[in-house]
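Heads up: the structure comes next, in C-alpha cells.
The values are calculated or read from the model by the stated rules, or taken from the named source; none is laboratory data. For clarity, every value in this text was computed on a predicted model and none was experimentally measured. Here Cβ is always computed from backbone atoms with ideal geometry, including for glycine, and neighbour counts include all displayed protein chains. What goes into the accessible areas is simple: the full protein's heavy atoms, side chains included, and nothing from ligands, DNA or RNA. Shrake-Rupley method; radii C 1.70, N 1.55, O 1.52, S 1.80 Å.
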Amino acid sequence: MSETIIYGKSTCPHTKRALAAHPQARFVDILASEANLEEMLKLSGGLRRIPVIVHDGETTVGFNRGS
C-alpha cells in the first residue's frame with residue numbers, strides 16, 4: 001500500500017488544502033522538531049516552501065489543486 005506524507009505547518013493554508021485533498025496522508029509538522037524541518041529540507045532540496053508532499057517516493061514541493 002502506498003503512503004502519502006505531507007510536511008508543513010498546521011497554520012498554513014496551502015498545507016490545509018493539501019491535507020484536505022489527501023485525507024489519508026500522514027502529517028509531519030515541521031515546527032514540532034528540528035529533525036522534522038531537516039527531513040523536509042532534505043526532501044525539498046533545501047527549498048523552504050511548504051507543503052512538501054511525498055507520495056510513492058516522489059516529492060512535490062507546494063500544492064496546487066489537482067496535485
- request: Among the residues of segment 13-42, write down those that are in a helix (DSSP H, G or I) and within 18 Å of Asn64 (Cβ to Cβ).
  value: Pro13, His14, Thr15, Lys16, Arg17, Ala18, Leu19, Ala20, Ala21
message: Looking only at residues that are of a type in the set (S, T, N, Q) and in contact (Cβ under 8 Å) with a residue 12 or more places away in the chain in segment 24-57, which one is most open to solvent (accessible area, probe 1.4 Å)?
response: Gln24
field: Residue check, Ala21 open to solvent by less than 70 Å² (accessible area, probe 1.4 Å) and small (Gly, Ala, Ser)
entry: yes
- prompt: Ser10: of a type outside the set (A, V, I, L, M), in contact (Cβ under 8 Å) with a residue 40 or more places away in the chain, on the phi < 0 side of the Ramachandran plot and assigned to a loop (DSSP other than H, G, I, E, B), yes or no?
  reply: no
field: Failed item in (1) among the β-branched types (Val, Ile, Thr); (2) in a loop (DSSP other than H, G, I, E, B); (3) open to solvent by 40 Å² or more (accessible area, probe 1.4 Å), with Thr60 passing the rest
entry: (2)
